[in-house]
1. Looking at the square roots a ≥ b ≥ c of the eigenvalues of the Cα gyration tensor of region 25-98, which shape do they give, rounded for a/c under 1.5, prolate if a/b is larger than b/c, or oblate?
2. Where in region 67-101 does the label zone of ALA54 land, with the point 7 angstrom along Cα→C-beta and an amide N cut-off under 20 Å?
3. Report, by chain and number, residues whose modeled amide H sits under 5 Å from the one on TYR78, excluding near sequence neighbours (fewer than 5 apart, same chain).
4. What are the aspartates and glutamates whose alpha-carbon lies under 14 Å from the alpha-carbon of LYS64, with same-chain residues fewer than 8 places away excluded?
5. Taking the Cβ of ASP87 as the centre, find all other residues whose Cβ is under 14 Å away and add up their charges (Lys, Arg: +1; Asp, Glu: -1).
6. With 30 Å as the limit, write out which pairs from LYS31/LYS111; LYS86/LYS111; LYS22/LYS111; LYS31/LYS86; LYS30/LYS111 have Cα-Cα distances beyond it, or answer none.
7. I need the phi-derived Karplus couplings for region 87-104: 6.51 cos²θ - 1.76 cosθ + 1.60, θ = phi - 60°, integer Hz, Gly and Pro marked x.
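Every number here is computed from the coordinates shown, using simple stated rules; none is lab data. Model, not experiment: these values are computed from the prediction. Cβ placement follows ideal geometry from the backbone for every residue including glycine, while neighbour counts extend to all protein chains displayed.
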Amino acid sequence: MKKIALLIVLLAFFASCKTSKKGAWVEKDKKAFIEGCEGEIKKMKDTPDGKTVAALVNLEEFGKKSCECALKKIEESYENPTQAEKDKEGTDKIAQKCGADIMLELMNQKK
């Protein structure tokens, strides 16, 4: 789970635009974050962590919701991906919380 959270955070840094602001990143930054984040989670499907997640919930849905959660919270906290990258500890916490929250949400829906 920690590896998944780390991947989510790392993907936030693919694009940077100086016109982004807290809570209002430009579409280019948002799109790059989501595409990269979901792509990395899909790549994990054959790894031990990916198999664990897939055994519990739909991996694609987990990726989509986790990435959207992470983007929302990181966007609210940082003006752009470059600024977020400078606070690895903070972004890791956000990603871990989103991953855990989404996992619980999806597992509860399965019941």
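1. Verdict is prolate for region 25-98.
2. Residues passing the 20 Å test: 67, 99-100.
3. The answer is GLY23.
4. Leaving aside aspartates and glutamates fewer than 8 places away in the same chain, those within reach of LYS64 are GLU35, GLU38, GLU40, ASP101, GLU105.
5. -1
6. LYS31/LYS111; LYS86/LYS111; LYS22/LYS111; LYS30/LYS111
7. In residue order, the calculated couplings are 10, 4, 4, x, 6, 4, 4, 4, 5, 5, 5, 4, x, 5, 4, 5, 4, 5 Hz.
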